[in-house]
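So the structure is just underneath, and the comments pick up after that.
Readers should treat all values here as calculations from the given coordinates under stated rules, not as data from a laboratory. Being a predicted model, the structure only gives us computed values, none of them experimental. Reconstructed Cβ throughout: ideal geometry from the backbone, glycine too, with neighbour counts over all protein chains shown.
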Amino acid sequence: MFIGHFAVGFASKRVAPKASLGPLLAAPLLADILWPIFVLLGVERVRIVPGLMAFNPLDLEYYPWSHSLLMDCVWGLVFGGIYYGVTKYRAGAIAIFVGVVSHWVLDWVTHRPDMPLAPGLDTKLGLGLWNSVAGTVVVESLLFVAGVWLYARTTRARDAIGRWGWWGLVVVLAALYAVDANGAPPPSVSAMVTLGLVLEAVTVTWAWWADRHRDVAVSPQGGTPNY
């Protein structure tokens, strides 16, 4: 998954309208934020194997600390717990936990059977949607459109930044997805994970910035702080 994870973050605004889009988006991306760090540190391993799957050339040899179901639940509890400790916003904390765990679910749909359940367990799962380029693009695009629609219905622009900053993010993500779907395999693992970290940092920061210039379309009960 790529823009499918962003779709979850956008849609989360519907159930946690007082939460900032920054942490809501960081939640479903968290596994992919941790993974490049763990790869660079040598904790997890990946190889680039062109042709391995129709849509994705990555042989994800070992990545249970960032992507196993158990650890995604742990990371979700940690992230959601920290968020709740800072904001005391229960709906936001729950949305963050669900967002983190959703990463495993969406990856289970797209990956070949390489999704670990927990560190130390040999069982790995995956439905293999990445074996079909057309199927992957259709499923992710529908998810993305649904997430964008839910966010746009939940919020309204307060100013030009809120309007054009938000829609600019949507356009950039769609363009990056088109490039990813039609591009050549990455030149190296280090270049891939470094670029991934940069793009995730930029998009989460961009989402936080644009969201600060948008209001909830219907004021949620308990006020309108944007945490």
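Can you give the local net charge around Tyr83? Use residues other than it whose beta-carbon is closer than 13 angstrom to its beta-carbon, Lys and Arg +1, Asp and Glu -1. Intermediate values should be presented prior to the final figure.
Numbers: positive: Lys18, Lys88, Arg90; negative: none.
It works out to a net charge of +3.
Just to confirm my numbers, what's the Cα centroid distance between region 131-153 and region 155-211 in Å?
The two parts, judged by their Cα centres, are 15 Å apart.
Which value in deg cm²/dmol, rounded to the nearest 500, describes the helix-derived mean residue ellipticity at 222 nm for the chain, given -39,500 (n - 2.57) per DSSP H run of n ≥ 4 and division by the residue count?
Counting only the DSSP helices, I get -21000 deg cm²/dmol.
Under 13 Å Cα to Cα from Lys18, which aspartates and glutamates show up? Leave out anything in the same chain fewer than 8 places away.
Excluding near neighbours in sequence, the set is Asp211, Asp215.
Exactly which trypsin sites (Lys or Arg not before Pro) in region 35-126 are in a DSSP loop and have at most 12 other Cβ atoms within 10 Å? List each step's numbers first, then the result.
Numbers: sites: Arg45, Arg47, Lys88, Arg90, Lys124; in loops: Lys88.
When the trypsin sites (Lys or Arg not before Pro) of region 35-126 are filtered for loop state and at most 12 Cβ neighbours within 10 Å, Lys88 remain.
Net charge near Ile37: determine it from the other residues with C-beta under 12 Å of the C-beta of Ile37, scoring Lys and Arg +1 and Asp and Glu -1.
On the way: positive: none; negative: Asp32, Glu44, Glu200.
Here the charged neighbours net out to -3.
Using alpha carbon centroids, what distance separates region 60-109 and region 1-56, in Å?
A separation of 11 Å, based on Cα centres.
Could you list Thr87, Thr110, Thr203 so that the one with the fewest beta carbons within 10 Å of its beta carbon is first and the one with the most is last?
On the way: Thr87 16, Thr110 24, Thr203 19.
Neighbour counts put them in this order, fewest first: Thr87, Thr203, Thr110.
In degrees from 0 to 90, rounded to the nearest 10, what is the angle of the helix 3-15 Cα long axis to the longest principal axis of the chain?
It is inclined by approximately 30 degrees.
How compact is region 3-216 by the rule of thumb for globular proteins, expressed as Cα Rg over 2.2 N^0.38 Å? Walk me through the numbers before you get to the answer.
Working: Rg = 16.9 Å, N = 214, 2.2 N^0.38 = 16.9 Å.
Relative to the 2.2 N^0.38 Å estimate, region 3-216 comes out at 1.00.
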